[in-house]
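Worksheet: the structure to be examined is printed underneath.
The values are calculated or read from the model by the stated rules, or taken from the named source; none is laboratory data. Quick caveat, the model's predicted, so the values are computed rather than measured. Cβ atoms come from the backbone with ideal geometry, glycine included; neighbour counts cover every protein chain shown. Just so you know, the surface numbers come from the protein's heavy atoms only, side chains and all, with ligands and any DNA or RNA stripped out. Shrake-Rupley method; radii C 1.70, N 1.55, O 1.52, S 1.80 Å.
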Amino acid sequence: MKNTKFYICPHCGNMIFPRLNPSVIVAVTDGDKLLMSKYAGRDYTRYALLAGFTEIGETFEQCVQREVMEEVGLHVKNIRYYKSQPWGFTGGLLMGFFCEADGDTAITMDDVELSLAQWVDADVLKDMDDDISLTHEMMRVAYERISGEKGGN
């Protein structure tokens, strides 16, 4: 039997509560550049933002700092919440954040997680919005902020 908050097994009456997997999507900027990445070992080969799952006992802001440090070796500051998106494919809840590089901007990429990590100029971001994902919406917003243009939707 299905309920909006949990499922009840019709055979034994056991209540099953769906698990939610919170994660962050992070747009890291440095002046007029945005940090872009590509995932390693996946069929998806388009540009992406940094992302990762939130650990137990960790705030979303701490997750942003940890994921950026783990994936590209950078410190960040001015972490700002943008918006969230449920992601039904994985049972996830994506929390989008913008932040700025703090200090040295030399990338030390985790090549297990990523196949590419680089700073890109605004012109690379111009047509990134796909009207589906928070990630691509954030790329469009970054483009608008960096270039001063109003693009997309």
Filtered residue count, region 105-138, keeping only those that are among the hydrophobic types (A, V, I, L, M, F, W, C), modelled with pLDDT of 90 or more and open to solvent by less than 60 Å² (accessible area, probe 1.4 Å) = 8
So which pairs qualify, if the first residue must be in region 5-31 and modelled with pLDDT of 80 or more, the second must be among the charged types (D, E, K, R) and surrounded by 10 or more Cβ atoms within 10 Å (Cβ to Cβ), the Cβ gap must be under 7 Å, and the two must be at least 6 apart or on different chains?
-> VAL24/GLU67; VAL26/GLU67; THR29/GLU100; ASP30/GLU100
